[in-house]
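The values are calculated or read from the model by the stated rules, or taken from the named source; none is laboratory data. Because the structure is predicted, anything quoted here is derived from the model rather than measured. FYI the Cβ positions are ideal-geometry reconstructions off the backbone, even for glycines, and counts take in every protein chain you see.
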Amino acid sequence: MSVNNQDGVVSPRRRSPHFDPPDWWIYRGTGRPIHDVDLTEMLPAPPPWRAFQGGPLPEPDVPPPDDGDAQRRLGASFEMSEEVVEPNELNMVNAALYLRRPLLVTGNPGTGKSCLAFRIARELGLGRVLRWAITSHTTLQSGLYGYDAIGRVQAAATGQAQRGAAVEEPPIGDFIRLGPLGTAFLPSSRPRVLLIDELDKSEADLPNDLLSIFEDGEFLIDELQRVRERHPEMVVHTADPQRTATVRDGRIACRAFPVVIITSNAEREFPPAFLRRCLQLRMENPDHEQLAAIVASHLVGANGEHRDALIRQFADRSKAEGGLPTDRLLDAVYLATSGAYQPDNIAWPQLVEALWHRLTVQ
């Protein structure tokens, strides 16, 4: 369901109210969790070239619950009607699930690129989203794991001082913490959702550095490799609060390839080798119906008259400006329903004008 515009670019078209979703779609984009169904039972086996056999599987083999981040981003009850969600989005998300490939999501700031990861995790019951926020100083190593060598030396010195004699050094695993990327590739029967946020902010080498782990689904922890003869298994900390993982022979290898959502504001081009390993989705600016669903998710019970008028005004303004961040609409609706909006208040239009401007320095 797509149409070619005058420039030859394929643009998604909203499905009709009587559209029957294809049977192969697992993710439907409505935000309603799939209850009493295990994703591992719904998802077919991976292609042979994307099958991974990492281990050992943890006990219990369940993802950690959401820590409230999804509710902050999606609202208490994020539910869109099936007619509102773009079919192209569902096609690409489901293709990424089937093919075990990262999904590169581009679009204007504020179009909901990052929220897509939380919608997938909530709907498919995949637990807490692992978020790796990218900056110009981010390295592959920082995403995989960190080793506090100084902390270990200090702990050994403290133990020796307290006991007055030579003592065995504390376990090296106590001073290793997996980053979001490393945690996402821990072996489990269900995939974790990993959000690599704003990859276009990174140094030029990072996309190419990711190729190996995206292709092989594993990485080595050098510090544990060096002691694997004496300590074949070591417990390390993970990016999930209060959680640890057992690493065997200094190697972490996934069993279920994670659901990797990579966002970009299209501020730079990525190398062809990186793009070859990703599926790509462009998210368009939300229209009136999608904006209404987002507002209803975050501000249940908001004054309908004020809310609907603001949504219409915002949609028109966003179209004229070439796209405005959706969270600015939520700000305006919240202020309006908190009493800031008065029909005869001359300050209200000035406040809205200050909120709804393009993302440029004034």
Identify, please: which residue in segment 133-160 is farther than 18 Å from Ala266 by Cα and of a type in the set (A, V, I, L, M, F, W, C) and is, among those, farthest from the chain's Cα centre (by Cα)?
Ala157
Scan segment 196-209 and tell me whether some residue there is in a helix (DSSP H, G or I), hydrophobic (A, V, I, L, M, F, W, C) and in the same structural domain as Pro64 (by TED's automatic domain parsing).
yes
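Consider Arg312 carefully, then state whether it is assigned to a helix (DSSP H, G or I), farther than 27 Å from Ala266 by Cβ and modelled with pLDDT of 75 or more. First the steps, then the outcome.
Values: assigned to a helix (DSSP H, G or I): yes; farther than 27 Å from Ala266 by Cβ: yes; modelled with pLDDT of 75 or more: yes.
Taking the combined requirement at face value, the residue satisfies it.
Of all residues being of a type in the set (S, T, N, Q) and farther than 30 Å from Phe214 by Cα in segment 274-301, which is modelled with the lowest pLDDT? Just the residue, please. Full working, then the answer.
Taking segment 274-301 and keeping what is of a type in the set (S, T, N, Q), we get 280, 285, 290, 297.
Then keep just the ones that are farther than 30 Å from Phe214 by Cα; that gives 290, 297.
On the way: Gln290: 67, Ser297: 64.
For segment 274-301, the residue satisfying everything is Ser297.
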Tally, over segment 37-57, of residues that are small (Gly, Ala, Ser) and either loosely packed, with under 11 Cβ neighbours inside 10 Å or not assigned by TED's automatic domain parsing to the domain that holds Pro102 (or both):
1
Looking at Glu83, is it at pLDDT below 80, touching a Gly at 6+ places or on another chain (Cβ under 6 Å) and assigned to a loop (DSSP other than H, G, I, E, B)?
no
Here are some conditions: (1) more than 10 Å from the chain's Cα centre (by Cα); (2) under 24 Å from Glu215 (Cα atoms); (3) buried (at least 19 other Cβ atoms within 10 Å of the Cβ). Ala95 meets all but one. Which one does it not meet?
(3)
Enumeration of residues in segment 39-77 that are within 22 Å of the chain's Cα centre (by Cα), assigned to a helix (DSSP H, G or I) and more than 14 Å from Val193 (Cβ to Cβ)
Thr40, Met42, Arg50, Gln71, Arg72
In segment 126-149, the residues that are surrounded by 18 or more Cβ atoms within 10 Å (Cβ to Cβ) and assigned to a loop (DSSP other than H, G, I, E, B)
Leu126, Gly127, Arg128, Val129, Ile134, Thr138
